[in-house]
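First up is the structure itself, then whatever we jot down about it.
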Amino acid sequence: IGKPVREKYERRDQNRTMEIKASLKFLRLAPRKAKIVVDLVRGQNVNKALSLLRFVNKAAAIHISKLLKSAVANAELKGMVDVDNLYIKFISVTAGPTMKRFRAAPMGRAFRIRKRICHIKLILDEK
């Protein structure tokens, strides 16, 4: 690559903010239950969010803290950000496919049981 082109790419890289992404797919947990925990940590500093998740008495808190630790490890691996200045820029919970099961009911009928699955996307950014 020639010198002018290299300088162009270096300038572009300096202007770009470093976003760290992590995702958790096919989590066997209802999205409605995961959204309660996600709303607690949205916009928080990473260290504050991890300490908050440690004391939340919800099943989703364990999975979200693992996802957050994975994103921090991705940031350390890239090495261009200060981990102490990271905050949760974007976190969302979306519904995945629903597993359908049946339970025997009176008079030969069956009741449908829907086992819901969710996906969680996380983006960290530096303040």
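Some notes on this structure:
- Percent accessible area from carbon and sulfur atoms, the chain, protein chains only, probe 1.4 Å: 53 percent
- Alpha-carbon Rg/Rh ratio, for the stretch 34-105, with Rh computed the Kirkwood way: 1.12
- The protection proxy used here, the mean number of other Cβ atoms lying within 10 Å of each residue, ranks peptides 117-126, 85-94 as follows, highest first: 117-126, 85-94.
The values are calculated or read from the model by the stated rules, or taken from the named source; none is laboratory data. Note that the structure is a prediction, hence the values are computed from the model and not measured. Here the Cβ is made from the backbone with ideal geometry for all residues, glycine too, and neighbour counts use every protein chain on show. What goes into the accessible areas is simple: the full protein's heavy atoms, side chains included, and nothing from ligands, DNA or RNA. Shrake-Rupley method; radii C 1.70, N 1.55, O 1.52, S 1.80 Å.
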